[in-house]
Structures are given as structure tokens and as C-alpha cells.
Amino acid sequence: MPQFSKTSLQKLDSCDPRLQNLFLTVIQHMDCSVLEGHRPKDIQNKHFVEGKSKVKWPHSKHNVKPSKAIDVAPYPINWEDILRFHQFAFFVKGIALQLGLKIRWGGDWDNDHNTQDNRFNDLPHFELLD
């Protein structure tokens with residue numbers, strides 16, 4: 001059975017308990033790595049400048065404590081395998097549905113299950129809708 005690394009667990013620990021529960025369930029079935037949970041001001045603004053985020057501090061769900069957003073990628077990470085990110089996201093969304101969580105994925109911001117109409121892809125991004 002896959003398990004999170006120490007680094008992934010530390011990042012996961014900065015997240016809302018509902019996200020923690022979601023990804024502790026996901027890891028039981030599919031290997032993945034937590035890339036980021038809570039994001040401090042300097043990192044958020046750096047991501048904004050680099051075009052990795054569309055918002056400055058404090059307007060990201062990554063900026064609250066505990067974080068209402070998390071970046072997670074299927075492991076091993078292959079940034080070129082877009083289909084794998086999509087498959088992983090729909091698996092995560094299915095687990096979230098079973099847990100009664102409303103989430104949004106950065107590959108389908110409007111949650112219409114049409115990934116072709118997305119204007120900004122943030123494929124490892126998942127956030128709570130509440």
C-alpha cells in the first residue's frame with residue numbers, strides 16, 4: 001500500500017482536517033505526493049509573479065490556516081502526463097463525493113466536468129468549496 005513521505009505528511013498537516021482526511025483516504029488506493037498546503041505571503045506572491053497562481057496574497061485558499069487548498073500530484077510525478085493528472089483528479093473527486101466533501105480541481109474550475117473550457121490549468125490543485 002502506498003504511503004506519504006515525511007515531507008508530504010508535514011505539508012498535509014498544514015491543511016484543513018477535511019483535506020487531510022481526503023488525501024489520507026486517497027493514498028490508501030493511489031500513490032501521490034503533497035506538493036503544497038499552506039502558502040505564506042512570500043511564496044504566494046512569488047507564484048503569482050511566475051504565473052503559477054492568478055491571485056496575490058491573501059486571496060488564495062492556500063493562504064489561510066489551516067489551508068483550504070492543497071496541491072497534490074500522482075507519484076511518480078510526470079508533468080508531461082496530463083492524462084494521468086486528469087485520471088488522478090477524477091479519482092480524488094470520487095473519494096471526496098463519498099466523504100461528502102465539495103471540492104474544486106484546478107483542471108476544471110467551473111466544476112462542469114468539461115476540462116476543455118478551462119483557461120488556467122493548475123492540475124495538482126484541489127480546494128474546499130465552503
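Couple of notes before you dig in:
- Dipole of segment 6-128, positive end: most advanced residue of Leu99, Phe23, Trp57 [Cβ charges, Cα centre]: Trp57
- Shown for the chain are the DSSP H helices of 18 Å or more along their axis, judged by Cα atoms, with a mean Kyte-Doolittle hydropathy of at least 0.5: 82-99.
- Nitroxide proxy distance, nm - points 7 Å out along Cα→Cβ at Phe120 and Asn21: 3.0
- Efficiency of FRET from Cβ geometry, Glu80 and Leu129, R₀ 30 Å, rounded to 0.05: 0.55
- Theoretical ellipticity at 222 nm over the chain - DSSP helices of four or more residues, -39500 (n - 2.57) apiece, nearest 500: -10000 deg cm²/dmol
- Total formal charge among the other residues, if their Cβ is under 15 angstrom from that of Leu101, Lys/Arg +1 and Asp/Glu -1: +3
- Long pairs among Lys6/Lys41; Lys41/Lys68; Lys41/Lys93; Lys41/Lys102; Lys11/Lys52, criterion Cα-Cα beyond 20 Å: Lys6/Lys41; Lys41/Lys93; Lys41/Lys102
- Taking amide hydrogens as placed 1.01 Å from N in the peptide plane, the amide H of Cys32 sits under 5 Å from those of Tyr75, each at least 5 positions away in sequence or on another chain.
- Sorting 13-26, 71-84 by their mean Cβ neighbour count within 10 Å, with the most densely packed peptide first, gives 13-26, 71-84.
- Cα centroid separation, segment 16-70 to segment 98-115 (Å): 15
- Calculated P(r) of segment 1-76 - Cα pairs past 19 Å, %: 35
- Compared with the direct C-alpha span, the chain from Asn111 to Thr7 gains 34.5 nm at full extension, assuming 0.36 nm per residue.
- Correct option for P(r) over Cα pairs in 5 Å bins from 0, in percent [calculated from the coordinates] among [x] 2, 10, 20, 23, 18, 12, 8, 4, 2, 0; [y] 2, 11, 22, 25, 22, 14, 4, 0; [z] 2, 10, 18, 19, 15, 13, 10, 8, 4, 1: [y]
- GNM top mover of His38, His62, His86 - the chain, alpha-carbon springs below 10 Å: His86
Each value in this text was obtained by applying a stated rule to the coordinates, not by laboratory testing. Please read all numbers here as calculations on a predicted model, not as lab measurements. Virtual Cβ from ideal backbone geometry, glycine too; neighbours counted across all protein chains shown.
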